[in-house]
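The values are calculated or read from the model by the stated rules, or taken from the named source; none is laboratory data. Keep in mind it's a predicted model, so treat the numbers as computed, not measured. Note that we place each Cβ from the backbone using ideal geometry, even for glycine, and neighbour counts take in every protein chain shown. Heavy atoms of the whole protein, side chains included, go into the accessibility calculation; ligands, DNA and RNA do not. Shrake-Rupley method; radii C 1.70, N 1.55, O 1.52, S 1.80 Å.
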Amino acid sequence: MKLLVKHLPPSPLDIEYKKIKRKAHLWLRRMDYALDRRTLSLTEFVAQLKELGFTHGATIYLHSSMDQISRRVPGLDPLRLIDLLKELVGEEGTLLAPTFPFRGLQYQYVQRQRVFNVQLTPSQEGLFTELFRRTKGVIRSLHPTHPIAAWGKHSEELLAEHHLGTAFGKRCPVYKMQKYQGLVAGLGVVPKECFTLYHVAEELHPTTHAMQYATDAFEMTIISGDEKIPYQVIPLRPDRVRRYDRADGILRKEGIVRYYRVRGLRFSATPVGRFLHRARELIDADMFYS
(Lines give C-alpha, C1' and ligand atoms only; values in the text may rest on other atoms or scores of the structure.)
Protein backbone atom coordinates (compact mmCIF):
# COMPACT_ATOMS: atom_id res chain seq x y z
CA MET A 1 0.00 0.00 0.00
CA LYS A 2 1.26 3.45 -0.91
CA LEU A 3 -0.23 5.93 1.57
CA LEU A 4 -0.20 9.51 0.33
CA VAL A 5 -2.80 11.29 2.48
CA LYS A 6 -4.59 10.06 5.58
CA HIS A 7 -8.34 10.71 5.36
CA LEU A 8 -10.42 11.01 8.51
CA PRO A 9 -12.91 8.23 9.33
CA PRO A 10 -16.61 9.05 9.61
CA SER A 11 -17.35 11.16 12.71
CA PRO A 12 -19.32 9.71 15.69
CA LEU A 13 -22.19 12.01 14.69
CA ASP A 14 -22.25 10.55 11.16
CA ILE A 15 -22.21 7.01 12.56
CA GLU A 16 -25.04 7.75 15.00
CA TYR A 17 -27.09 9.40 12.23
CA LYS A 18 -26.73 6.29 10.08
CA LYS A 19 -27.82 4.04 12.96
CA ILE A 20 -30.95 6.11 13.61
CA LYS A 21 -31.74 6.25 9.91
CA ARG A 22 -31.34 2.48 9.60
CA LYS A 23 -33.65 1.78 12.55
CA ALA A 24 -36.31 4.16 11.20
CA HIS A 25 -36.07 2.54 7.78
CA LEU A 26 -36.53 -0.95 9.25
CA TRP A 27 -39.55 0.14 11.29
CA LEU A 28 -41.21 1.77 8.26
CA ARG A 29 -40.46 -1.30 6.18
CA ARG A 30 -42.16 -3.61 8.67
CA MET A 31 -45.23 -1.37 8.74
CA ASP A 32 -45.31 -1.23 4.95
CA TYR A 33 -45.15 -5.01 4.65
CA ALA A 34 -47.95 -5.43 7.16
CA LEU A 35 -50.33 -2.93 5.54
CA ASP A 36 -49.59 -2.96 1.81
CA ARG A 37 -50.45 -6.27 0.16
CA ARG A 38 -50.83 -5.11 -3.47
CA THR A 39 -49.47 -7.43 -6.16
CA LEU A 40 -49.04 -7.70 -9.93
CA SER A 41 -49.71 -10.70 -12.12
CA LEU A 42 -46.81 -11.97 -14.21
CA THR A 43 -48.54 -10.63 -17.34
CA GLU A 44 -48.86 -7.17 -15.78
CA PHE A 45 -45.23 -7.27 -14.65
CA VAL A 46 -44.00 -8.16 -18.14
CA ALA A 47 -46.04 -5.29 -19.60
CA GLN A 48 -44.31 -2.89 -17.20
CA LEU A 49 -40.88 -4.26 -18.12
CA LYS A 50 -41.60 -3.53 -21.77
CA GLU A 51 -42.80 -0.03 -20.84
CA LEU A 52 -39.57 0.51 -18.91
CA GLY A 53 -37.41 -0.40 -21.91
CA PHE A 54 -36.85 -4.15 -21.83
CA THR A 55 -37.39 -4.68 -25.54
CA HIS A 56 -35.64 -6.67 -28.28
CA GLY A 57 -32.09 -5.42 -28.85
CA ALA A 58 -31.94 -3.18 -25.76
CA THR A 59 -28.76 -2.78 -23.70
CA ILE A 60 -29.71 -2.46 -20.03
CA TYR A 61 -27.78 -2.27 -16.77
CA LEU A 62 -30.12 -3.44 -14.01
CA HIS A 63 -30.25 -2.55 -10.33
CA SER A 64 -32.73 -4.73 -8.48
CA SER A 65 -34.24 -5.76 -5.18
CA MET A 66 -35.40 -9.37 -5.45
CA ASP A 67 -37.08 -8.99 -2.08
CA GLN A 68 -39.30 -6.22 -3.44
CA ILE A 69 -39.92 -7.96 -6.77
CA SER A 70 -40.95 -11.30 -5.26
CA ARG A 71 -43.17 -9.50 -2.77
CA ARG A 72 -45.12 -7.76 -5.54
CA VAL A 73 -45.02 -10.54 -8.16
CA PRO A 74 -45.89 -13.74 -6.24
CA GLY A 75 -44.17 -16.87 -7.50
CA LEU A 76 -41.46 -15.05 -9.47
CA ASP A 77 -38.06 -16.35 -8.39
CA PRO A 78 -34.62 -15.02 -9.47
CA LEU A 79 -33.94 -17.71 -12.08
CA ARG A 80 -37.30 -17.15 -13.76
CA LEU A 81 -36.66 -13.40 -13.73
CA ILE A 82 -33.27 -13.90 -15.39
CA ASP A 83 -34.84 -16.02 -18.13
CA LEU A 84 -37.64 -13.50 -18.56
CA LEU A 85 -35.28 -10.54 -18.97
CA LYS A 86 -33.15 -12.48 -21.47
CA GLU A 87 -36.26 -13.31 -23.48
CA LEU A 88 -37.29 -9.65 -23.58
CA VAL A 89 -33.95 -8.23 -24.81
CA GLY A 90 -33.21 -11.26 -27.01
CA GLU A 91 -29.92 -12.34 -28.53
CA GLU A 92 -29.44 -8.90 -30.10
CA GLY A 93 -29.70 -7.26 -26.67
CA THR A 94 -27.38 -7.12 -23.67
CA LEU A 95 -28.22 -7.42 -19.99
CA LEU A 96 -25.78 -6.19 -17.32
CA ALA A 97 -25.86 -6.22 -13.52
CA PRO A 98 -23.52 -5.15 -10.70
CA THR A 99 -21.69 -7.98 -8.93
CA PHE A 100 -19.69 -5.95 -6.43
CA PRO A 101 -18.00 -8.18 -3.79
CA PHE A 102 -18.67 -5.97 -0.77
CA ARG A 103 -21.30 -3.97 1.09
CA GLY A 104 -20.54 -0.66 2.74
CA LEU A 105 -17.50 1.46 1.94
CA GLN A 106 -15.04 0.62 -0.83
CA TYR A 107 -12.29 2.25 1.23
CA GLN A 108 -12.78 -0.20 4.09
CA TYR A 109 -13.08 -3.18 1.75
CA VAL A 110 -9.69 -2.61 0.06
CA GLN A 111 -8.03 -2.29 3.45
CA ARG A 112 -9.05 -5.81 4.47
CA GLN A 113 -9.29 -7.63 1.12
CA ARG A 114 -6.44 -7.65 -1.40
CA VAL A 115 -7.45 -10.54 -3.69
CA PHE A 116 -10.37 -10.73 -6.11
CA ASN A 117 -11.15 -14.06 -7.80
CA VAL A 118 -13.35 -13.41 -10.84
CA GLN A 119 -14.87 -16.88 -10.85
CA LEU A 120 -15.16 -17.52 -7.10
CA THR A 121 -15.69 -14.22 -5.29
CA PRO A 122 -19.46 -13.89 -4.75
CA SER A 123 -21.54 -10.83 -5.47
CA GLN A 124 -22.86 -8.97 -2.45
CA GLU A 125 -25.46 -7.07 -4.51
CA GLY A 126 -28.30 -9.45 -3.81
CA LEU A 127 -29.46 -12.94 -4.76
CA PHE A 128 -30.44 -11.97 -8.30
CA THR A 129 -26.94 -10.71 -9.14
CA GLU A 130 -25.18 -13.76 -7.68
CA LEU A 131 -27.36 -16.18 -9.61
CA PHE A 132 -27.09 -14.04 -12.74
CA ARG A 133 -23.27 -14.11 -12.71
CA ARG A 134 -23.36 -17.94 -12.41
CA THR A 135 -25.78 -18.33 -15.33
CA LYS A 136 -24.56 -19.98 -18.51
CA GLY A 137 -23.36 -17.44 -21.06
CA VAL A 138 -22.78 -14.67 -18.49
CA ILE A 139 -19.29 -13.17 -18.17
CA ARG A 140 -17.87 -10.91 -15.48
CA SER A 141 -15.51 -7.96 -15.76
CA LEU A 142 -12.15 -8.19 -14.00
CA HIS A 143 -12.35 -5.01 -11.95
CA PRO A 144 -11.51 -6.07 -8.35
CA THR A 145 -13.96 -3.86 -6.41
CA HIS A 146 -16.77 -3.09 -8.90
CA PRO A 147 -17.03 -6.02 -11.34
CA ILE A 148 -20.04 -6.10 -13.63
CA ALA A 149 -21.63 -9.22 -15.13
CA ALA A 150 -23.18 -9.25 -18.59
CA TRP A 151 -25.02 -11.51 -21.01
CA GLY A 152 -25.78 -10.89 -24.66
CA LYS A 153 -24.47 -9.45 -27.89
CA HIS A 154 -22.23 -6.67 -26.58
CA SER A 155 -21.17 -8.24 -23.29
CA GLU A 156 -17.54 -8.99 -24.21
CA GLU A 157 -16.96 -5.60 -25.78
CA LEU A 158 -18.45 -3.71 -22.86
CA LEU A 159 -16.58 -5.66 -20.16
CA ALA A 160 -13.19 -6.32 -21.76
CA GLU A 161 -11.35 -3.17 -20.62
CA HIS A 162 -12.89 -2.57 -17.22
CA HIS A 163 -9.80 -3.68 -15.27
CA LEU A 164 -7.57 -1.56 -17.50
CA GLY A 165 -9.14 1.61 -16.13
CA THR A 166 -10.92 2.81 -13.02
CA ALA A 167 -14.17 1.52 -11.55
CA PHE A 168 -16.34 4.27 -13.07
CA GLY A 169 -14.16 5.82 -15.78
CA LYS A 170 -14.32 5.75 -19.58
CA ARG A 171 -13.46 2.04 -19.69
CA CYS A 172 -16.30 1.21 -17.31
CA PRO A 173 -19.02 -0.90 -19.00
CA VAL A 174 -21.74 1.54 -17.91
CA TYR A 175 -19.98 4.48 -19.56
CA LYS A 176 -19.41 2.46 -22.74
CA MET A 177 -23.11 1.58 -22.93
CA GLN A 178 -23.65 5.00 -24.53
CA LYS A 179 -22.53 3.49 -27.82
CA TYR A 180 -25.66 1.32 -27.82
CA GLN A 181 -28.11 3.86 -26.36
CA GLY A 182 -27.85 2.00 -23.06
CA LEU A 183 -30.35 2.31 -20.25
CA VAL A 184 -29.88 2.02 -16.49
CA ALA A 185 -33.03 0.51 -14.98
CA GLY A 186 -34.23 -0.24 -11.48
CA LEU A 187 -36.71 -2.85 -10.28
CA GLY A 188 -37.68 -2.29 -6.67
CA VAL A 189 -35.00 0.42 -6.38
CA VAL A 190 -34.23 3.87 -7.80
CA PRO A 191 -30.90 5.13 -9.26
CA LYS A 192 -29.93 7.53 -6.47
CA GLU A 193 -30.04 4.61 -4.00
CA CYS A 194 -27.66 2.53 -6.12
CA PHE A 195 -25.18 5.26 -7.12
CA THR A 196 -23.36 3.57 -10.04
CA LEU A 197 -24.30 6.15 -12.67
CA TYR A 198 -23.81 9.00 -10.20
CA HIS A 199 -20.31 7.71 -9.47
CA VAL A 200 -19.55 7.60 -13.22
CA ALA A 201 -20.50 11.28 -13.47
CA GLU A 202 -18.34 12.08 -10.42
CA GLU A 203 -15.31 10.27 -11.75
CA LEU A 204 -15.45 11.84 -15.21
CA HIS A 205 -15.62 15.42 -13.97
CA PRO A 206 -12.36 16.85 -12.53
CA THR A 207 -14.15 18.95 -9.90
CA THR A 208 -16.08 16.09 -8.29
CA HIS A 209 -13.25 13.63 -8.83
CA ALA A 210 -11.01 15.80 -6.67
CA MET A 211 -13.74 16.05 -4.02
CA GLN A 212 -14.79 12.42 -3.83
CA TYR A 213 -11.76 10.25 -4.48
CA ALA A 214 -9.04 9.42 -1.99
CA THR A 215 -5.34 9.80 -2.68
CA ASP A 216 -4.54 6.53 -0.89
CA ALA A 217 -3.52 3.74 -3.25
CA PHE A 218 -4.15 0.07 -2.42
CA GLU A 219 -2.53 -2.84 -4.25
CA MET A 220 -4.84 -5.73 -5.15
CA THR A 221 -4.49 -8.93 -7.14
CA ILE A 222 -7.06 -10.08 -9.69
CA ILE A 223 -7.22 -13.86 -10.18
CA SER A 224 -8.75 -15.03 -13.45
CA GLY A 225 -8.19 -18.73 -14.03
CA ASP A 226 -4.43 -19.28 -13.85
CA GLU A 227 -3.67 -15.60 -14.43
CA LYS A 228 -2.77 -13.15 -11.67
CA ILE A 229 -3.11 -9.47 -12.52
CA PRO A 230 -1.84 -6.66 -10.26
CA TYR A 231 -4.17 -3.70 -9.85
CA GLN A 232 -3.95 -0.44 -7.94
CA VAL A 233 -7.20 0.85 -6.44
CA ILE A 234 -7.79 4.50 -5.56
CA PRO A 235 -11.09 4.30 -3.66
CA LEU A 236 -13.85 6.74 -2.90
CA ARG A 237 -13.18 8.79 0.22
CA PRO A 238 -14.78 7.39 3.40
CA ASP A 239 -15.23 10.82 4.99
CA ARG A 240 -17.46 12.33 2.30
CA VAL A 241 -21.25 12.15 2.65
CA ARG A 242 -22.88 12.04 -0.78
CA ARG A 243 -26.44 13.26 -1.23
CA TYR A 244 -27.73 13.39 -4.78
CA ASP A 245 -31.20 14.76 -3.99
CA ARG A 246 -30.76 18.06 -5.82
CA ALA A 247 -29.46 16.50 -9.03
CA ASP A 248 -31.98 13.69 -8.79
CA GLY A 249 -34.85 16.17 -8.44
CA ILE A 250 -33.73 18.14 -11.47
CA LEU A 251 -33.19 15.04 -13.59
CA ARG A 252 -36.64 13.74 -12.68
CA LYS A 253 -38.31 17.08 -13.40
CA GLU A 254 -36.66 17.18 -16.83
CA GLY A 255 -37.75 13.62 -17.61
CA ILE A 256 -34.21 12.26 -17.86
CA VAL A 257 -34.75 10.00 -14.85
CA ARG A 258 -38.13 8.28 -14.57
CA TYR A 259 -39.55 6.89 -11.33
CA TYR A 260 -42.97 5.39 -10.93
CA ARG A 261 -44.81 2.76 -8.91
CA VAL A 262 -47.25 0.12 -10.02
CA ARG A 263 -49.12 -1.52 -7.13
CA GLY A 264 -46.31 -0.69 -4.78
CA LEU A 265 -43.41 -1.91 -6.96
CA ARG A 266 -40.93 0.78 -7.91
CA PHE A 267 -39.71 1.06 -11.50
CA SER A 268 -37.01 3.47 -12.65
CA ALA A 269 -35.00 4.15 -15.79
CA THR A 270 -32.57 6.66 -17.25
CA PRO A 271 -30.62 6.74 -20.54
CA VAL A 272 -26.89 6.67 -19.83
CA GLY A 273 -25.90 9.27 -22.42
CA ARG A 274 -28.48 11.89 -21.50
CA PHE A 275 -27.87 11.36 -17.79
CA LEU A 276 -24.09 11.85 -18.02
CA HIS A 277 -24.38 14.90 -20.29
CA ARG A 278 -26.84 16.64 -17.99
CA ALA A 279 -24.94 15.55 -14.85
CA ARG A 280 -21.82 17.29 -16.17
CA GLU A 281 -23.81 20.49 -16.63
CA LEU A 282 -25.16 20.23 -13.08
CA ILE A 283 -21.66 19.74 -11.67
CA ASP A 284 -20.44 22.79 -13.61
CA ALA A 285 -23.34 24.79 -12.13
CA ASP A 286 -22.65 23.47 -8.60
CA MET A 287 -26.06 21.79 -8.52
CA PHE A 288 -25.07 18.12 -8.34
CA TYR A 289 -25.14 17.68 -4.57
CA SER A 290 -27.79 18.79 -2.09
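For the chain, the solvent-accessible area with a 1.4 angstrom probe is 50 square angstrom per residue. The Kirkwood radius of the stretch 166-259, taken over pairs of alpha-carbon atoms, gives through the Stokes-Einstein law at 4 °C and 1.567 mPa s a diffusion coefficient of 84 µm² s⁻¹.
Structural descriptor for the chain: relative contact order 22 percent, calculated from alpha carbon pairs under 8 angstrom and at least 6 residues apart.
Qualifying GluC sites (Glu not before Pro) in the stretch 121-181, where qualification requires a DSSP coil assignment and no more than 10 other C-beta atoms within 10 Å, are lacking entirely.
Rounded to the nearest percent, how much of the accessible area of the chain (1.4 Å probe, protein heavy atoms only) is carbon and sulfur? Within the chain, the accessible surface is 54 percent carbon and sulfur. For the residue pairs Lys21/Lys86; Lys136/Lys192; Lys170/Lys192; Lys170/Lys253, the alpha carbons lie more than 25 Å apart in Lys21/Lys86; Lys136/Lys192; Lys170/Lys253.
For Lys170, the solvent-accessible surface computed with a 1.4 Å probe is close to 140 Å², ligands and nucleic acids excluded.
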